[in-house]
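Below: the structure, in structure tokens.
The values are calculated or read from the model by the stated rules, or taken from the named source; none is laboratory data. Please read all numbers here as calculations on a predicted model, not as lab measurements. For neighbour counting, all protein chains shown are included, and Cβ atoms are generated from backbone atoms with ideal geometry for every residue, glycine included.
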Amino acid sequence: MAVSYYDVAVVGGGLVGVATAWGLAREGCRVVVLDEGDRAVRASRGNFALVWVQSKGLGLPEYAGWTIRSSNAWGGFAQTLKEETGLDVSFQRSGGFHLALSERELEARANILKRLHNQPGIVDYKTEIMDRGQVAKMLPDIGPEVVGGSFCPLDGHVNSLRLFRTLHTAIKARGVTYLPSHRVETITKDGGEFRLATEKGEIRAAKVALAAGNANMRLAPMVGLEAPMKPERGQIVVTERLRPFLNHPVVTLRQTDEGTVMIGDSKEESVDPAGLTLGVSATEAERAVRLFPLLANVNVVRTWSAIRVMTQDGFPIYDESETHPGAFTVCCHSGVTLAANHALTVAPMIARGALDTSLVAPFSARRFHVQAAG
Amino acid sequence: MYKRLAEAGTPVAITVDGKPISARAGDTVAAALIAAGIDHCRTTPVSGAPRAPYCLMGVCFECLVTVDGVGSRQGCLMPVRDGMTVETQTGKREAGR
Amino acid sequence: MNASDLASSYDLVVIGGGPAGLAAAALAARAGLATVLFDENPGVGGQIYRAITFSPVKDRAVLGEDYWAGAELAAEAQASGALIVNGATVWSLDPARLVGVSIAGQARLIEASRVIIATGSLERPFPIPGWTLPGVMSAGGAQTALKAQGLVPNGKTVLAGGGPLLWLLAAQILRAGGRLDAILDTTPRGNWLRALAHLPDFVLSPYFSKGLKLLREVRAKVRVIRVDRLEAVGGERLREVVFGTADGERRMPADLLLLHQGVVPNVNLAIAAGLAHTWNERQLCFEPVVDRDFNSSVPGISVAGDGAGIAGGTAAAERGRIAAIAAVRALKPEASVPDVQIVRQKLRREAMGRAFLDGLNRPAASFRQPTGDTIVCRCEEVTAKQVRDTADLGCEGPNQMKAFLRCGMGPCQGRLCGLTVTELIAAQRGTTPAEVGYYRLRPPVKPITLSELASLPIAEAERKAVER
Ligand SMILES: Cc1cc2nc3c(=O)[nH]c(=O)nc-3n(C[C@H](O)[C@H](O)[C@H](O)COP(=O)(O)OP(=O)(O)OC[C@H]3O[C@@H](n4cnc5c(N)ncnc54)[C@H](O)[C@@H]3O)c2cc1C
Ligand code: FES
């Protein structure tokens, strides 16, 4: 190990951690990323790759604004990464769909959107309910059971595995030290610096950014922070590569730039990443064939389950420790969508040593106490 | 590349990309292609490179072909049948085929 | 036989119809267990006894008596009362012994009180430059074409690599009147030293005299050249083979290049079922952890035959019998079974000489750990250099590698790149394959269609997990 002293130690080498690390390095910080090993539970390897806006913010209207900010920044973020690494993460903001297979589903969808948009202070992000005819114009291959859906022009997707690799390539090029198999066990503050004990020795840094996903729950209290989590499992089914047939991502089904079709969006209360519920995959497959009957004969080449990083209310947590100045939490579910924010907005705040409350105050974990009291 | 031993069995008529091929009972689709001297059975969905059956035991998936209109069948595990139509595949498969 | 004709549960499900599976199914069914055997091939026999019930090769000398010995095993299994289903692909197995099987495009889930995985071995990846060109095939593939369809090479043919099967195939091609221009032997000279300690055992084993006879038979008819480098060259198809010898680089025009450097356990299903695996340094592969009855780390699931570690076809049958005896003892203790001690003794005799062969045929590192633009993952066309560079990024294992480069994500699901990727990472990061580990695998371990997946039974809670 070259140096063992850093300006910032980022705990967690998933998408949130490496996006933050990249942003910090751009600000001139000396950064180390401490990560687990190859078999870690890593949502960054199992996500659905949407850069998604529609439906975000029910219960916390500021979350809609925060998401749109990232969605707007995404194009430039992808461009910069391409310039730095030569890798194209294939970001496409083509607008996305939520499709309904019955009138009941369509009505439920419309209700959610109505409740969302009736919240005071929400940004209008132009989600539109479409009938079958309107949907069919944009998605000609829908099956007879599709009755309609909602469409949001801000929605998009990206090749998230390539994004993951690109960010790792970019942080390496910017001199960030990446240390796998350095699971952080404890964090203490001693004098002006943080000491992070890992399975492979101690790392010291002036600041700490906790981006360890669901493990933030364990780590945050060590530095006077909190991160109440409730992990859940999602399963995804993937097909062989197909010629392009789908121009817009659907929230449960999208075609990647490589041609494979990803089918997903299940939720189970489980933290076992090894398990896989076949009946859940079957339901996903069944709905996929009803949405797009031309997929019936297509081969499934892989399935997987991944554990979502999920806070207890589903919204992000960005916090700065009062008792341990210099310690921050960066914790959220939608690490692909919010990657641009983490790299371009949150990381500079951490580099400066203070969160900009005008932007992230609503996302403090203190909200959990307010709610509990109320 | 290959020849049949004289002892090999009864003819089965199949077509490959529209052309009639004389396969034998006991052939798999992949073996029939090899016996007929067909160079490659698909091009890859990644770079478009030509590929031909490699393992003939179901593990490599190089033998993927369209059989009776259904794409990406493992030719080396599929016995030939009289009247079967086989098509070589080009690049990514077309959904619905 | 359709998937819908199967019962919903069996005492014993045997997966794979090679010697291990056939012997296991026969013994269990005889003892009264309701037994089903699934194999994805059109006929039983596995790799060694491929097409044993319908091979068009009638001259028994061509394939040899060791091949025809399989006929008895197949007949025994067929007469035993076990239900034998060919064209049946097992694509899922979970620790609760729910077996996902697909027959003629129809998927079913079958419950089993015991499962014996007998999925055998596959050839070790042989990643040389140009190995994806049409005209390059695995030697096992050529052997399959000979056994099952009576096809023999008749163009300019080069056989390259090492191991007992290479020599057996050479002899079979020659006996059948096929063409073989040269054998390029890739085994390092130094292997003799590695093997020497096990020589006495080997001399006493049945392999000894058989092996020598085979070598003599082949060497009398074909040029054998020792090579330390190998490349398949061509545009749209193979044109020539380029190789390095003690006297420098040489080239040979070729229509067909057959590659082989030994076999390794076919672990996909066993890993996906959650069985613990371990690295075998002597055989350079991962294998499931099993006890002396071939029980795995998952209760009720055992692994017999080469799938449990390479020991050869005759040993596979004995291992299948031992696993089946354990299954019968567990489910039907009153049934009479052969004396397991006698079977174990036979197995011990079979195991003699293996260590010598493993040492002698250990493939050179340069043929297992390629460099530069040589393709490692054939499905996703990932090169050795990409894998090595990505290891340098800090990528410690095959799962992160897969996420970064897509190696192992194609339809073969890592069968032809898994070991190479593991070994490359270990070499690049200065660690061991045991430390690096293998791909995490999940069902379906063989592709099934979306509508097959959609047809599986769905519980209300499972539907709710998706429809919200
Ligand atoms: C290509 C090749 C050629 C060989 N040739 C010879 C030879 O000539 N002589 C010799 O002594 N040894 C040979 N061997 C080694 C020999 O095959 C083994 O020692 C022996 O076959 C092991 O027996 P087994 O029953 O464990 O496995 P196998 O004989 O491999 O049988 C396993 C069976 O399981 C099937 N199967 C696998 N996965 C599934 C699934 N998911 N669903 C359904 N079915 C499945 C396979 O198709 C196969 O039929 C060869 C090996 C290979 C790979
Ligand atoms: S040739 Fe390898 S799977 Fe068919």
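Some notes on this structure:
- Residues of region C:199-249 classified as buried (at least 16 other Cβ atoms within 10 Å of the Cβ) and in a loop (DSSP other than H, G, I, E, B), total: 4
- Only residues that are near ligand 2 (Cβ under 10 Å from one of its atoms), within 7 Å of another protein chain (Cβ to nearest Cβ) and farther than 21 Å from C:Thr383 by Cβ were counted across region B:29-52, and they come to 2.
Let's see how each residue does on (1) within 14 Å of chain B (Cβ to nearest Cβ); (2) over 17 Å from C:Arg354 (Cβ atoms):
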| position | (1), (2) |
| --- | --- |
| C:Val158 | yes, yes |
| C:Gly162 | no, no |
| C:Leu168 | no, no |
| C:Arg175 | yes, yes |
| C:Ile183 | no, yes |
| C:Thr186 | no, yes |
| C:Val233 | no, yes |
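- Flag for A:Thr67 being under 30 Å from A:Ala212 (Cβ atoms) and touching a Lys or Arg at 6+ places or on another chain (Cβ under 6 Å): yes
- Some residue of region C:411-418 being away from ligand 2 (no atom under 16 Å from the Cβ) and either facing chain A (nearest Cβ under 10 Å) or out of contact with any Asp or Glu (no Cβ under 8 Å at 6 or more places or on another chain) (or both): no
- Index of the failed condition, C:Asp66 passing every other in (1) out of contact with any strand residue (DSSP E or B) (no Cβ under 8 Å at 6 or more places or on another chain); (2) more than 11 Å from chain B (Cβ to nearest Cβ); (3) closer than 19 Å to C:Arg179 by Cα: (3)
- Annotation: of all residues in region C:428-446 being more than 9 Å from every other protein chain (Cβ to nearest Cβ) and in contact with a Lys or Arg (Cβ under 8 Å, 6 or more places away or on another chain), the one that is surrounded by the fewest Cβ atoms within 10 Å (Cβ to Cβ) is C:Gln428.
- Screening region B:1-65 for strands (runs of 3 or more DSSP E) wholly inside it with 1 or more residues that are in contact (Cβ under 8 Å) with a residue 40 or more places away in the chain, over 30 Å from C:Cys377 (Cα atoms) and among the hydrophobic types (A, V, I, L, M, F, W, C) returns the ranges B:11-16, B:19-24.
- Residue within region B:89-97 that is of a type in the set (Ser, Thr, Tyr) and either within 16 Å of ligand 2 (Cβ to nearest atom) or assigned to a strand (DSSP E or B) (or both) present: no
- In region A:118-170, the residues that are in a loop (DSSP other than H, G, I, E, B) and within 18 Å of A:Leu50 (Cβ to Cβ): A:Tyr125, A:Lys126, A:Thr127, A:Leu139, A:Pro153, A:Leu154, A:Asp155, A:Val158, A:Asn159
- A:Ala100 being buried (at least 18 other Cβ atoms within 10 Å of the Cβ) and more than 23 Å from the chain's Cα centre (by Cα): yes
- Matching residues, region A:300-325, being more than 22 Å from the chain's Cα centre (by Cα) and within 14 Å of chain C (Cβ to nearest Cβ): A:Val300, A:Val301
- Filtered residues of region A:44-58 (kept if farther than 18 Å from A:Ser150 by Cβ, part of a loop (DSSP other than H, G, I, E, B) and at pLDDT below 95): A:Gly46, A:Asn47
- Filter result for C:Gly81 (touching a residue at least 24 places away in the same chain (Cβ under 8 Å) and surrounded by fewer than 20 Cβ atoms within 10 Å (Cβ to Cβ)): yes
- You will find that of C:Leu174, C:Leu133, C:Leu151, the residue that is hydrophobic (A, V, I, L, M, F, W, C) and more than 16 Å from ligand 1 (Cβ to nearest atom) is C:Leu133 and no other.
- For region C:25-59, filtering for residues that are of a type in the set (Lys, Arg), over 30 Å from C:Gly105 (Cβ atoms) and within 12 Å of chain B (Cβ to nearest Cβ) leaves 1.
- Number of residues in region C:313-357 that are modelled with pLDDT under 95 and either among the acidic types (Asp, Glu) or within 16 Å of ligand 2 (Cβ to nearest atom) (or both): the value is 1.
- Residue in region C:85-100 that is within 14 Å of chain B (Cβ to nearest Cβ), on the phi < 0 side of the Ramachandran plot, of a type in the set (A, V, I, L, M) and touching a Lys or Arg at 6+ places or on another chain (Cβ under 8 Å) present: yes
- Single residue of region C:7-24 satisfying the filter (out of contact with any strand residue (DSSP E or B) (no Cβ under 6 Å at 6 or more places or on another chain) and more than 10 Å from ligand 1 (Cβ to nearest atom)) that is farthest from the other protein chains (Cβ to nearest Cβ): C:Ala7
- Residue that is surrounded by the most Cβ atoms within 10 Å (Cβ to Cβ), among those in region B:1-22 that are at pLDDT 95 or above and small (Gly, Ala, Ser): B:Ala13
- Residue that is nearest to ligand 2 (Cβ to nearest atom), among those in region B:59-73 that are crowded, with 24+ Cβ neighbours inside 10 Å and at the interface with chain C (Cβ under 8 Å from one of its Cβ atoms): B:Cys60
- Residue pairs whose Cβ atoms lie under 8 Å apart, separated by 6 or more positions or on different chains, with the first residue in region C:153-180 and in contact (Cβ under 8 Å) with a residue 12 or more places away in the chain and within 15 Å of B:Arg4 (Cα to Cα) and the second within 11 Å of ligand 1 (Cβ to nearest atom) and part of a loop (DSSP other than H, G, I, E, B), are C:Gln172/C:Gly64.
- In the set (1) farther than 29 Å from A:Asn247 by Cα; (2) surrounded by fewer than 24 Cβ atoms within 10 Å (Cβ to Cβ); (3) at the interface with another protein chain (Cβ under 7 Å from one of its Cβ atoms), B:Lys92 fails one condition alone, (1).
- Selection count, region C:56-65, where residues are in contact (Cβ under 8 Å) with a residue 24 or more places away in the chain and over 16 Å from C:Leu169 (Cα atoms): 1
- Of the strands (runs of 3 or more DSSP E) lying entirely inside region A:191-245, those carrying at least 3 residues that are small (Gly, Ala, Ser) are A:201-210.
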